[in-house]
Amino acid sequence: MISLLSSRQRRAIRLAWRFMRPYRWQAAGALVALIVTAGITLSMGQGVRMLVDQGFMTRSPELLRRSIEVFLLLVMALAAGTFTRFYLVSWIGERCVADIRQIVFNHLLELHPGFYEDNRSSEIQSRLTTDTTLLQSVMGSSLSLFLRNALMVLGGVVLLFITNPKLTSIVVVALPLILAPILLFGRRVRGLSRQSQDRVAEVGSYVAEALGQIKTVQAYNHQAEDRRRFSLTVEQAFDTARQRILQRAWLITLVIVLVLGAVGVMLWVGGMDVIAGKISNGDLAAFVFYSLIVGSAFGTLSEVIGELQRAAGAAERIGELLQARSEIQAPVTGVLRLPERVSGRLDLQDVQFAYPSRPDVPAIRGLNLSVKPGETLALVGPSGAGKSTLFDLLLRFYDPQHGRILIDGHALVDLDPSDLRRHFALVAQTPALFYGTVEDNLRYGRASATHEQLREAARIAHADEFIMALPNGYQTHLGEAGLGLSGGQRQRMAIARALLVDAPILLLDEATSALDAMSEHLIQQALPTLMQGRTTLVIAHRLATVQNADRIAVIEQGRVAAIGTHQELIAGNELYARLAALQFPA
Ligand SMILES: Nc1ncnc2c1ncn2[C@@H]1O[C@H](COP(=O)(O)OP(=O)(O)OP(=O)(O)O)[C@@H](O)[C@H]1O
Ligand SMILES: [Mg+2]
């Protein structure tokens with residue numbers, strides 16, 4: 001049967017083996033139980049022959065009783081073996097899938113952000129669910145079904161030969177006839193399986209996206225359009241599934257016709273031999289028993305092969321995910337370790353960077369910038385100038401195509417990304433909060449913080465007040481992505497979270513843009529003390545926010561157009577002067 005497997009299926013089996021290896025003793029136990037139960041089932045044929053020839057034919061109650069005793073013993077052994085096999089095999093399936101889920105998730109967490117621009121994360125997520133479920137069904141049952149039935153076919157054919165070589169030759173002639181359609185249809189099923197899985201993943205990601213943005217969907221009365229598009233996706237999934245089912249239905253039907261047809265021919269030939277007195281009744285009964293076992297095992301095999309093929313597709317995709325390498329990694333040799341606390345000096349030298357999805361349009365074009373330790377540098381400039389991109393590069397979510405970025409004089413590419421990132425605290429442009437309590441969200445970057453430190457950070461970010469007003473204070477549960485807070489409250493949470501990390505470099509991307517002027521002013525007042533001994537980069541559109549920065553850099557089209565203090569820039573930079581005139585009318 002092994003030759004029936006394509007290279008893809010062999011890869012899938014290798015993957016399955018990789019996950020099964022830690023449980024090889026359980027697997028060995030399952031295998032023993034499997035062989036024992038298959039052996040018992042096969043030996044039942046001999047029981048049938050004994051029963052017919054010795055029990056019924058000799059009309060001896062004594063022999064009949066002994067036959068039944070043996071039979072009952074076999075049944076007990078079969079029951080015990082089946083219990084062991086079922087429990088162990090299902091256990092292995094569940095255990096391996098639990099491992100796969102963890103390994104894949106752990107792997108996905110480390111991949112570079114650019115990976116999720118080429119691959120929709122919602123699709124990956126839905127794949128992870130459907131594909132692992134499929135693998136679970138295969139490792140937890142189909143694989144064992146496959147082995148058991150393959151054993152039954154092999155053992156059955158051997159016993160058939162022993163019982164009656166002449167009749168067996170019919171089976172042997174029928175075999176290729178049965179294998180041919182399995183191969184033919186199997187190949188089609190395989191192709192359709194992968195398509196089918198892809199479609200299911202599309203359905204899943206569509207749901208995730210629409211439900212995640214439900215307010216926008218309803219505000220634009222977009223439901224009708226969504227219904228239409230979703231139904232299109234679902235119908236496509238159904239259509240692919242229908243084709244696959246049709247192929248499998250044909251496969252099963254053909255196998256039944258061929259197998260039972262062969263059994264009919266055998267019965268006819270064998271019956272003639274019994275009538276002619278060449279073989280005993282028991283022989284024929286045993287023979288029919290074996291051929292039925294072989295036949296039904298064959299039928300199951302052909303179905304299970306379809307299942308294995310579906311799983312091969314799933315395993316392949318999981319394998320692909322596991323093979324994706326993070327492009328942002330520590331160098332293989334000569335990794336530099338940063339000191340416990342860096343001084344916070346940052347240098348960008350002639351940096352050029354284009355996002356992988358838009359390789360021809362650089363977002364940063366030849367940017368030079370030096371930030372002194374402890375300095376507060378503001379970044380202003382038109383939307384789309386590349387300010388947020390700069391933060392992405394500093395955190396090494398991407399590597400620039402040209403130029404170098406240094407922290408305390410060490411090139412970022414020579415560092416371990418996690419060693420680098422622990423020196424940064426980021427407040428992103430869209431504050432990202434997580435499902436959980438307010439406290440969980442604040443502790444995100446520093447789980448060990450005391451409650452006092454937590455409240456202190458919240459007070460500086462002007463979050464303590466509104467948090468205490470929430471129904472359960474710091475223990476209040478937030479919905480997905482911080483649902484249940486206002487935009488400004490979310491920003492203050494994000495600021496508090498970043499402050500709690502106590503990193504030497506603070507990156508604020510429009511951190512106070514959603515706040516009222518009063519709250520922003522209060523935070524501004526608190527920040528200078530906080531920024532002491534910290535390098536701070538502040539992106540802001542409101543110049544009032546950045547007036548007091550040590551220096552202000554005007555970013556335009558991915559370059560530093562001008563740099564200086566507020567007063568210097570008003571005098572020396574046209575764009576800044578225009579912005580200032582708009583925002584501070586005389
Ligand atoms: N993930 C991405 N893939 C491709 N292009 C991107 C990506 N993110 C941003 N860009 C592009 O890079 C350029 C710089 O974007 P960036 O987010 O850095 O602007 P910004 O200065 O922060 O603007 P804003 O003030 O509006 O936040 C823009 O032209 C933008 O379209
Ligand atoms: Mg931005």
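Residue 279 - would you say it is closer than 30 Å to residue 52 by Cα, outside any helix (DSSP H, G or I) and not basic (Lys, Arg)?
yes
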Could you tell me whether residue 425 is within 16 Å of ligand 2 (Cβ to nearest atom) and either part of a strand (DSSP E or B) or under 26 Å from the mean Cα position of the chain (by Cα) (or both)? no
Between a first residue in segment 6-27 that is modelled with pLDDT of 80 or more and a second residue that is small (Gly, Ala, Ser), which pairs have beta carbons less than 7 Å apart while being 6 or more apart in sequence or on different chains? 20/27
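From the list 520, 510, exactly one residue is within 16 Å of ligand 2 (Cβ to nearest atom) and assigned by TED's automatic domain parsing to the domain that holds residue 372. Which is it? Before the answer, list the steps.
Numbers: 520 fails: within 16 Å of ligand 2 (Cβ to nearest atom).
Answer to the check: 510.
Examine segment 445-461 for a residue that is within 16 Å of ligand 2 (Cβ to nearest atom), touching a strand residue (DSSP E or B) at 6+ places or on another chain (Cβ under 9 Å) and either not in a loop (DSSP other than H, G, I, E, B) or not basic (Lys, Arg) (or both), and state whether such a residue exists. Break it down stepwise before answering.
Within segment 445-461, the first condition is being within 16 Å of ligand 2 (Cβ to nearest atom), and the residues that meet it are none.
The answer is no; no qualifying residue exists.
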With a cut-off of at least 1 residues that are closer than 30 Å to residue 273 by Cα, name the helices (runs of 4 or more DSSP H) lying wholly within segment 104-213. 143-163, 165-212
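Rundown of residues vs (1) of a type outside the set (S, T, N, Q); (2) at pLDDT below 75; (3) surrounded by fewer than 16 Cβ atoms within 10 Å (Cβ to Cβ); (4) closer than 28 Å to residue 283 by Cα, yes/no style:
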| residue | (1), (2), (3), (4) |
| --- | --- |
| 138 | yes, no, no, no |
| 142 | no, no, no, no |
| 147 | yes, no, no, yes |
| 157 | yes, no, no, yes |
| 160 | yes, no, no, yes |
| 168 | no, no, no, yes |
| 173 | yes, no, yes, yes |
| 177 | yes, yes, yes, yes |
| 183 | yes, yes, yes, no |
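Considering each of 371, 304 in turn, give the residue that is touching a Ser or Thr at 6+ places or on another chain (Cβ under 9 Å) and at pLDDT below 85.
Within the list 371, 304, the selection yields 304.
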Given the residues 503, 498, 511, which is the only one that is under 14 Å from residue 425 (Cβ atoms), in contact (Cβ under 8 Å) with a residue 60 or more places away in the chain, within 16 Å of ligand 1 (Cβ to nearest atom) and of a type outside the set (Lys, Arg)? 511
Are any residues in segment 353-399 among the basic types (Lys, Arg), in a loop (DSSP other than H, G, I, E, B) and more than 10 Å from ligand 1 (Cβ to nearest atom), and if so, which ones? 372, 396
Top-ranked residue of segment 294-304 - restricted to ones that are surrounded by fewer than 24 Cβ atoms within 10 Å (Cβ to Cβ) and of a type outside the set (Gly, Ala, Ser), ranked as nearest to residue 133 (Cα to Cα): 304
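Working only within segment 545-557, note down all residues that are touching a Phe, Trp or Tyr at 6+ places or on another chain (Cβ under 8 Å) and over 16 Å from residue 506 (Cα atoms). Full working, then the answer.
Here is the first cut: in segment 545-557, the ones touching a Phe, Trp or Tyr at 6+ places or on another chain (Cβ under 8 Å) are 552, 554.
Answer for segment 545-557, where residues must be touching a Phe, Trp or Tyr at 6+ places or on another chain (Cβ under 8 Å) and over 16 Å from residue 506 (Cα atoms): just 554.
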Could you run through segment 302-344 and say how many residues are on the phi < 0 side of the Ramachandran plot, out of contact with any Lys or Arg (no Cβ under 8 Å at 6 or more places or on another chain) and part of a loop (DSSP other than H, G, I, E, B)? 17
Hey, can you tell me all the residues within segment 221-250 that are under 21 Å from residue 300 (Cα atoms) and either in contact with a Gly (Cβ under 7 Å, 6 or more places away or on another chain) or among the β-branched types (Val, Ile, Thr) (or both)? 245, 248
Which of the residues belonging to segment 64-109 are over 23 Å from residue 43 (Cβ atoms), exposed (fewer than 14 other Cβ atoms within 10 Å of the Cβ) and acidic (Asp, Glu)? 94
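Is it true that some residue in segment 95-103 is more than 13 Å from the chain's Cα centre (by Cα) and in a helix (DSSP H, G or I)?
yes
Considering only residues that are surrounded by fewer than 19 Cβ atoms within 10 Å (Cβ to Cβ) and more than 28 Å from residue 566 (Cβ to Cβ), which ones fall in segment 355-379? Write out each step before concluding.
Initial filter on segment 355-379 (surrounded by fewer than 19 Cβ atoms within 10 Å (Cβ to Cβ)): 355-361, 365-366, 368, 370, 372-375.
Correct list: 355, 356, 357, 358, 359, 360, 361.
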Residue, farthest from residue 44 (Cα to Cα), within segment 259-293, restricted to residues that are touching a Ser or Thr at 6+ places or on another chain (Cβ under 7 Å) and not hydrophobic (A, V, I, L, M, F, W, C): 283
Residue in segment 520-561 that is farthest from the chain's Cα centre (by Cα), counting only those that are within 21 Å of residue 385 (Cα to Cα) and basic (Lys, Arg): 551
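The values are calculated or read from the model by the stated rules, or taken from the named source; none is laboratory data. Since we're looking at a predicted model, the values are computed, not measured. No Cβ is skipped: glycine too gets one built from the backbone with ideal geometry, and neighbour counts run over all protein chains shown.
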